[in-house]
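Reading through the structure tokens given below for one structure.
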Amino acid sequence: MDAGAVELDYVINYPLLKQASYSGILSELQILRSSFLSVLIKLILETSQLSRLDIVAGCLLAAAAKLDFVKTSTGFVGSGAKVDDVRLMRFVVSSEGDAMGVKASGGIRSASDAANMLRAGATRLGLSGSVLIMEEGRGDLVEADRPSAEGY
């Protein structure tokens, strides 16, 4: 942060999550938030390693700590983002208000994958092959769900 970082990715405390020690996780996240008030913080869940209940709990804890994003994956563990997980994350954080973002990351390898993640509720994508994906889907991601101007 002293070097100028404006965003921080933080992996949820798995041992505490698996033990359902939610107060311990919330305490960690609140300390993190209060230590870095002007920094955008993303809580990484590694959804491919979690149950749906764990994903819901992680999202609610992130919202309670007033973090900025929940993120599916580091991209180094498991299969990465899945549409159903992104849809669940969007549903949970939307129930807490619309300010929190959802970042789908890991395993997004095509323009179709990217478009599906956006349709599921992702507000950001983590792509290692972003140039190839954009070349493949030139126009598809931008135009896929844009409403027609006809009738306005």
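What follows is calculated from the coordinates using simple rules that are stated; it is not laboratory data. This is a predicted model, so every value here is computed, not measured. Methodologically, a virtual Cβ is constructed for each residue, glycine included, from the backbone with ideal geometry; neighbour enumeration extends over all protein chains shown.
Lys-Lys pairs in the chain that are eight or more residues apart or on separate chains and whose Cα atoms lie under 20 Å of each other come to 10. Coordinate range of the alpha-carbon atoms in the chain per principal axis, descending: 50, 35, 31 Å. Between residue 112 and residue 53, the simple spin-label model (points 7 angstrom out along Cα→Cβ) gives 3.5 nm.
Mind checking the angle between helix 22-35 and the chain's longest principal axis? C-alpha axes, 0 to 90 degrees, to the nearest 10. The two axes meet at around 80 degrees. Calculated mean residue ellipticity at 222 nm for the chain: -12500 deg cm²/dmol, from DSSP H runs with n ≥ 4 weighted as -39500 (n - 2.57), summed, divided by the residue count and rounded to 500.
Measuring spread by the Cα atoms of region 42-130 yields a radius of gyration and Dmax of 11.6, 34 Å.
Couplings 3J(HN,Hα) of region 101-118, computed from phi: x, 10, 10, 8, 9, x, x, 8, 10, 9, 4, 5, 4, 4, 4, 5, 5, 5 Hz, in residue order, whole Hz [Karplus 6.51 cos²θ - 1.76 cosθ + 1.60, θ = phi - 60°; x for Gly and Pro]. Electrostatic tally near residue 40: other residues with Cβ closer than 13 Å to its Cβ, Lys and Arg +1, Asp and Glu -1, net +3.
Summarising the label geometry, the points placed 7 Å from Cα in the beta-carbon direction at residue 21 and residue 128 lie 3.2 nm from one another.
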